[in-house]
Structures are given as structure tokens and as C-alpha cells.
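Undergrad: Got a structure for you, questions after.
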Amino acid sequence: MMNVISQIFTWINNEILKMTWLSDLIQGLVENVFGLSLKERLGGSVHFFIYDTIKIFILLSVLIFLISYIQSYFPPERTKKILGNIKGIKGNILGALLGTITPFCSCSSIPIFIGFNAAGLPLGITFSFLISSPLVDLASLLILMSFFGAKIAIAYVVVGLILAVVGGTIIDKLGLEKYVEGYVKEIENVDVEVIELTRKDRISYSKQQVKDVFHKVWLYVLIGVGIGAAIHNWIPQSIIETVVGNNNPFAVLLATAVGIPMYADIFGTLPIAEALFQKGVGIGTVLSFMMAVTALSLPSIIMLSKVVKPKLLTIFVAIVVTGIVIIGYLFNAFSFMFV
Amino acid sequence: MIIKVLGSGCSNCKKLEENTRKAVEELGIEATIEKVTDFKKIMAYGVMKTPALVVDEKVQIMGRVPSADEIKKYL
């Protein structure tokens, strides 16, 4: 019985998430139609480029659709009501969990921050939400499974949630309420009735989300796959190992530092992360890179700077960066458990 | 009928306004369409994800951009 379950799971992992059939199909295309050998640089990178691009776009469409459907049940207005009555670390945990299923865009950071604050949510709970929201979501979980396997994907989610909970709790304990901008505290709480959507509404919303995300990220995906292909086939192993490989004790710091200013979607960074990982870069280094890209983006930091004073903003960024670096080193140290 | 489109200038907010105008036109009803961009006023409706559509002071649509046809059922 267990054998059957494990076989089914392996099938799902290989055929649906990793799409080995697609890789074989593209291999056929590259070898027989283009006449290039996969063992050569050109053939290898062409295969990588076509296969990864198609894989990401398929995953993107399916995942965004499914996740948006689920997320349509959890608009931030509902999250605010759910969190409104909970105090203490339970609130941080729930806030972090709800952050993962609430649709996030940096344009809603300000209203969400103000709204949660006005509803009386402790500052730390709001931050637990704001840390987990861009960092962890169902789409990244599934797509990480596809590229790195289930163990790493689940570990990433768990660790991301811990970072959100710990980060929020620290902010609570530091008592930084006075560093919230004055006008924010003057806004009164208004609860709006959350409108129930019909199934048709949800499907239309989910389709719209797929179109929107596609529009936003297709170029980043192509660039990301291009860089990934270059790493995969053109950049010598020795350079990669020296710069971000496990021989470099600062690899995690470097990966984090490079990732922070990058404003890209997880879909765009994945092919880069995948290529680096296949070249032997530590899993922790790779995850730190992806977390740094997704958790902190210039638009959302600019937005937050309008609602919190510089000191609180700096502490927030510092906590997240430190967390990412620690997670990176830990994953590298314990990589034997995952790889 | 007083219709308010809540949103501070992102492309989705403009699309909602366009689709709303189209819906009003096609239904041939009397309605004023007002754009609300001040986020304090937006938050006064309890809305946290824009764009949003308010019809006669009741929030009907939040955080998404339905087509003109879908908007008609709220007017």
C-alpha cells in the first residue's frame, strides 16, 4: 500500500511538477529538428531555454489560476477581521499563515498596514503578515516542489513562516509603536462586509490574475531563463564555485546582497536558482537568493516608508535580512538532509 | 445612482473606471461616476485592496476588475 502511494507521489512529482515528458519532448526537438547535441554547449543551452520557458509558463498559468481561486476566499478585509481579536504569538502565527494565502501586491502594503493598525492589531502581527505575504505562497511552494523536490519546498515554507513569526514577535517585544507615522494612528477602523463571490466571479477573477501576472513577469522569466541557460552551459563551473560555491564562506551573504535590490518575481529567479543549484551551489545559498528577491522589494519598502518612520523601517529590513542569511547558512549546513 | 470608483491611479483602477462607464452606457441608466483617489477616503469604506466599486454608498466590488457585463449586475 505504501509502495503504491509513494509511486503515485513520484509520478505526480515527475510528470506534473517536473514535467520530465516536456524535457524529453524538447530534447527530441533540439536533437532531431535542430540537429544539436544536448551534450554540446549550444544544444544544451537551447534545450534549457525552451524547456524551462515553457515549463515556467505552464506552471505559472495553472498555479496562478488555482491559487487565485483559493485566495479569492481570503481578501485582506477578511483577514483583518479574523486577526482582530487575537493577541500574542498565536496572532503572529495566524498572521504569518494568512499572509501566505492572501493575494499580495506592493500596492496594497499601505492600505493593509493602515487597516490592520486601525483595527487594533499589534504591530508585530501586521509585520508577520507583511513578511510572509510576499515570501511564502502556495504558488512558490508548488513551483519549488517542481524544481527542487518536495522536501526542500516544504522546508522553505516552514522556515519562511518561522522567520515571519519570529520577526513579528521581535518587533512586538521591542515596542516600536511610536515609530508608526502619526497620521496612520488617526485613521479609524471601518469594517466592510466581505462580499461573497459567485463561482463565476471567482473563475473570472482567477483568469484575470493569470493574465495580469503573465503581463508583469513574462520578460523577467525570459531574462531569468536566459541567465540560467548561461550559467547552465556557458559560465565555467570553477567561476561559479569560487564566487558562490561552497568554498566561499561568504556565498550566502553575497547571494542575499545581490538578491535584495532585485525586483523580480519568483518565476523569474527560479531558472537562475535552478541552474546555480545544478552547478553545485549550496541549497542554502540558492534559497537565500530567492528569499532576498521576493521578501524585500524596492516598491514595497518605499510604500512602507510612507507609513513607518525610518527607524522602524530599518529594523524591519535588518530583521528580515538577518533571518534570510541565518536560514541560508543553516540550509547549507544541513543540506545533507535534503539533497 | 452615485457610483464611486476607488483607486489611486494604477492601471487596474483605470480599467475599472472604463468598464464601469461602458456598463452604465450600455444599460442606459442615469448615474454619476466619481473617481476617489485619496486613500484616507478609500479606507473610510474599509477597503484595503483597490480597485473597488461603490454604488450608492455600498461597496460592491473589492480588489478585482470585472468586465463591463459583470459590473452591470451591480448597477
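Undergrad: Counting other beta carbons within 10 Å of each residue's own, what order do A:6, A:45 fall into, fewest first?
TA: Ordered from fewest to most neighbouring Cβ atoms within 10 Å, A:6, A:45 come out as A:6, A:45.
Undergrad: Report the semi-axes of the equivalent ellipsoid for the protein assembly as shown in whole Å, largest first, where each axis is √(5λ) for an eigenvalue λ of the Cα gyration tensor.
TA: Rounded to whole Å, the semi-axes are 39, 28, 18.
Undergrad: So how far apart, in nm, are the two label points at residue A:322 and residue A:1 if each is 7 Å from Cα heading toward Cβ?
TA: Each label point is offset 7 Å from its Cα along the Cβ direction, giving 4.9 nm.
Undergrad: Counting other beta carbons within 10 Å of each Cβ, put A:55, A:306 in order, fewest first.
TA: A:306, A:55
Undergrad: Compute the long axis of helix A:266-278 from its Cα atoms, compare it with the longest principal axis of the Cα atoms of chain A, and write down the angle in degrees, 0 to 90, nearest 10.
TA: 50 degrees
Undergrad: Between the helical axis of B:11-27 and the dominant principal axis of chain B, each derived from Cα atoms, what acute angle in degrees is found, rounded to the nearest 10?
TA: 30 degrees
Undergrad: Tell me the label-point distance for the pair residue A:247, residue B:73, using the 7 Å Cα-to-Cβ offset, in nm and rounded to one decimal.
TA: Taking the two extended label points, one gets 6.4 nm.
Undergrad: With charges only on Cβ, +1 for K and R and -1 for D and E, what is the dipole size of the stretch A:61-191 about its Cα centre, in debye, rounded to 20?
TA: 340 debye
Undergrad: Sequence neighbours fewer than 8 away in the same chain don't count; with that in mind, list the aspartates and glutamates whose C-alpha is under 13 Å from residue A:87.
TA: A:172
Undergrad: A follow-up question, please. Working from Cα positions, state the angle (0 to 90°, nearest 10) between the long axis of helix A:310-333 and the longest principal axis of chain A.
TA: 40 degrees
Undergrad: So if we plug the beta-carbon distance of residue A:309 and residue B:30 into 1/(1 + (r/R0)^6) with R0 = 56 Å, what FRET efficiency do we get, rounded to 0.05?
TA: That gives a FRET efficiency of 0.75.
Undergrad: Straight-line reach from residue A:211: which lysines have a Cα under 27 Å away, not including same-chain ones fewer than 8 places off?
TA: A:18, A:55, A:200, B:4, B:14, B:15, B:22, B:35, B:49, B:72, B:73
Undergrad: Another question about this same structure. Partner chain Cβ atoms within 10 Å, averaged over the residues of B:44-55 - can you pull that number for me?
TA: The mean count of partner-chain Cβ atoms within 10 Å per residue comes to 5.
Undergrad: Also, quick follow-up: List the lysines whose Cα sits under 18 Å from the Cα of residue A:178, skipping any in the same chain fewer than 8 residues away.
TA: A:306, A:309, A:311
Only the coordinates and a few stated rules stand behind these numbers; no lab work does. All values reported here derive from a predicted model rather than from experimental measurement. Note: ideal-geometry Cβ built from the backbone for every residue, glycine included; neighbour counts use all protein chains shown.
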